[in-house]
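**Student:** Encoded as structure tokens, here's the structure I'll be asking about.
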Amino acid sequence: MRWACILFPQLALDAVLRRRVEPERPLALLAGTPQRRVLQALNPAARALGLRRGQALAAAHALTRDFATADYDPADIERWQRFLAAWAYRFSSQVSLHYPRAVLLEVQSSLGLFGPWPGFEARLRQELTALGFRHRIVAAPHPAAARALVNVYDGLALDSQKALQACLGGLTVERSGLDRESASAFQRMGLRTLGQVLAMPRDSVARRFPATVLQHLDTLLGRRALALDCYTPPDRFDGRVELNFEVESHQALLFPLRRLTADLAAFLAGRDSGVQRFVLDLEHRNGAPTRVPVGLLSAEREAAMLFELARGRLEQLQVPAPVLAMRLLAKDLPAFVPQRRELFDDRPQQSLPWEQVRERLRARLGDDAVQVLQARADPRPEQAWRLGEEGTRPPQLAQAMRPGWLLREPVPLRGPAPRVLAGPERVESGWWDGGDVRRDYYCVETRGGQRAWVYRTVGEGGPLWLHGWFA
Amino acid sequence: MNGNVVALDALLDERRLWKGRALGRASSAQPTGHAALDALLPGGGWPDAALSEVLLPAAGVGELQVLWPTLARLSAAGERVALVAPPHIPFPPAWLAAGVDLRGLVLVQASGRDVLWAAEQCLRSGSCGAVLCWPGAVDDRALRRLQVAAETGQTLAFAYRASHDAFNPSPAALRLLLEAPGRVRVLKCRGGVAPDWAIPLAAG
């Protein structure tokens, strides 16, 4: 068993349903010319209303009007297939989109990482269900055989060539992937199953049928290798959700946002990268879309966290006009470095790592709300500190007789004359950069008993200026 | 008389009965760094995983000196210390002289109700060793939230408040009042009786 084929039997419908809040409501996808719209795909609720595939829209409307419609878009299907390939890339390095509406992936070499196939398969199914895609999975020794068998089976896993031949032999001719003409020719010859076809002498098949027939049969059995184009994931993520009505409240934007961030997380997991900066575009009927940039300090990829951060930014926003669609664009995808955790952590009850808390705080309070303090080697108090990002290594310069609190701006010291405890200490510097300072600093005690750090500019009278508190 | 016999130990265990002054006290995991203050507090240090209040009449009366030894000890152990909405800039030379490693010191700028929110997030996450906040005028419900968050995250929480709030009840496990510069009085300590005298706070 080397290849798994995942078939998405209703990819177009799932792609539309998954962005709806209530997927159980009747829905029909429409195709055809504007003059004659036909129902292309239906969900079970719509089928229960008596609608049929291929029905004209006018006929369907004569029956009932209680169903929603959406356009059947082949480009959309292709885009979702590529998205699913990006998802599958996480599980295998060889992923192919050789067949429409299906993803082939090589699984033998991934078993060491993801465990034996039943567990691996369960995980694939679980993630696909969470993403909202219906699927059928078959594992077989050859890619073409897996594709042919997934037409009929679901959950089949074949290990040996013998079992494969037995299974393939049971396939009917028209479902074996042969072209329609040859399939009907076989049927007219009385050959209903692939087993009967395979039992025929090779030379007579070669004489009566085009060369493609034998080639296909050989590929199915693995006698002939199938050349597959391997999928390589793109360097950027671009997801878009069209809303089916004009949205003005944040609440209604949360559902598409959750889908988009979950898709982004699945994509990032497949590429083993994180995201540091992404943009949410809220599209309006007129005018330019509203951009909501979301920036993080370090690369992250957890779905719940990305959702919460984007939500924090979105809730701060005043949307100028109703929103018609939402688009998530991520171009900067650096490598993801998992956080190092120790097995015996001092704080086993720690529920949330600091990085996540920090991003949450920044999302609500602003990008520069969380900072660390850095000391600088400058005698001028105003220049002796700086706020910076975390992770930098500031110089560590200790100085005695400095106050614990420094006022952002010096203010005149009010009240009765204080008692001088220490000083003056002359600070004279900065003639080279325009921030010239000539001051005499004193440590004083006010009448109320507070200890303050005050100064008076050299050569000037006037009030003492309060610059800090010895707290 | 002999109808209800209750063991003294049981009452003590339930904390329904407090001894006036316990003699043999367990050494706390979070000593304050001030020997005189440690001697007064029931656990021999800060109440662990709880909110402590520091009440002060005005800035510059030793409100940082109370905490500097604790912050120095935590930052030396590699713990993170968050200052939520400090009223002034922590001046690096003095903090370094007090032994605080600035790399573990995080400033969170917030205002209004966001101060409480940010402090609660930091506390609840359990990723900080201590969280200091300046919440301004708050009611006891907000303080109770901080107290619960400190318990959840097993973190030391400190709230700086004005000294006239001393008359209002508070759910904090420990309330310290800085009466005069360098003089601290314990107003309330959970698990013990607050002494009715103030003690001098030695620098460092």
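**Student:** Of these, A:D66, A:D76, which one is in contact (Cβ under 8 Å) with a residue 60 or more places away in the chain and under 27 Å from A:A252 (Cβ atoms)?
**Tutor:** The conditions single out A:D76.
**Student:** Go over the candidates A:L97, A:L128, A:L105 one by one and state the one that is in contact with a His (Cβ under 8 Å, 6 or more places away or on another chain) and in contact (Cβ under 8 Å) with a residue 24 or more places away in the chain.
**Tutor:** Result of the check over A:L97, A:L128, A:L105: A:L128.
**Student:** Of everything in region A:240-299, what is under 24 Å from A:E127 (Cβ atoms) and of a type in the set (G, A, S)? Give them in sequence order.
**Tutor:** Of everything in region A:240-299, those that are under 24 Å from A:E127 (Cβ atoms) and of a type in the set (G, A, S) turn out to be A:A262, A:A265, A:A266, A:A269, A:G270, A:S273, A:G274, A:A299.
**Student:** For region A:434-447, give me each residue that is at pLDDT 80 or above and over 13 Å from A:M401 (Cα atoms).
**Tutor:** A:D436, A:V437, A:R438, A:R439, A:D440, A:E445, A:T446, A:R447, listed by residue number.
**Student:** Quick check on B:P87: is it more than 17 Å from A:G366 (Cα to Cα) and part of a loop (DSSP other than H, G, I, E, B)?
**Tutor:** Taking the combined requirement at face value, the residue satisfies it.
**Student:** Conditions: (1) at the interface with chain B (Cβ under 9 Å from one of its Cβ atoms); (2) at pLDDT below 85. A:V372 meets all but one. Number of the miss?
**Tutor:** It fails just one condition, (2).
**Student:** Moving to a separate point now. Of these, A:G195, A:G190, A:G132, A:G170, which one is surrounded by fewer than 21 Cβ atoms within 10 Å (Cβ to Cβ), under 38 Å from the mean Cα position of the chain (by Cα) and not hydrophobic (A, V, I, L, M, F, W, C)?
**Tutor:** A:G132
**Student:** Further question: Give me a count of the residues in region A:167-183 that are farther than 12 Å from A:L220 by Cα and aliphatic (A, V, I, L, M).
**Tutor:** 2
**Student:** Look at A:L178 and say whether it is surrounded by 14 or more Cβ atoms within 10 Å (Cβ to Cβ) and either within 17 Å of A:Q215 (Cα to Cα) or more than 41 Å from the chain's Cα centre (by Cα) (or both).
**Tutor:** For A:L178, the condition - surrounded by 14 or more Cβ atoms within 10 Å (Cβ to Cβ) and either within 17 Å of A:Q215 (Cα to Cα) or more than 41 Å from the chain's Cα centre (by Cα) (or both) - is met.
**Student:** Considering region B:48-66 alone, what residues qualify as being assigned to a strand (DSSP E or B) and within 12 Å of another protein chain (Cβ to nearest Cβ)?
**Tutor:** Within region B:48-66, B:V54, B:L56 meet the criteria.
**Student:** Further question on the same structure: Just the residues that are of a type in the set (G, A, S) and closer than 27 Å to B:A97 by Cα, please, taken from region B:165-197.
**Tutor:** Selection gives B:A180, B:G182.
**Student:** Answer with yes or no whether B:P69 is part of a loop (DSSP other than H, G, I, E, B) and within 19 Å of the chain's Cα centre (by Cα).
**Tutor:** no
**Student:** Would it be correct to say that B:A118 is among the hydrophobic types (A, V, I, L, M, F, W, C), closer than 18 Å to A:V357 by Cα and within 12 Å of chain A (Cβ to nearest Cβ)?
**Tutor:** Criteria met by B:A118.
**Student:** Shifting gears a bit: Quick one: is B:A82 modelled with pLDDT of 90 or more and either touching an Asp or Glu at 6+ places or on another chain (Cβ under 8 Å) or within 7 Å of chain A (Cβ to nearest Cβ) (or both)?
**Tutor:** no
**Student:** Do we find a residue being at the interface with chain B (Cβ under 8 Å from one of its Cβ atoms), within 30 Å of B:V106 (Cα to Cα) and at pLDDT 80 or above anywhere in region A:387-395?
**Tutor:** For region A:387-395, residues at the interface with chain B (Cβ under 8 Å from one of its Cβ atoms), within 30 Å of B:V106 (Cα to Cα) and at pLDDT 80 or above: present.
The values are calculated or read from the model by the stated rules, or taken from the named source; none is laboratory data. Every value quoted in this text rests on a predicted model; they were computed, and no experiment measured them. Virtual Cβ from ideal backbone geometry, glycine too; neighbours counted across all protein chains shown.
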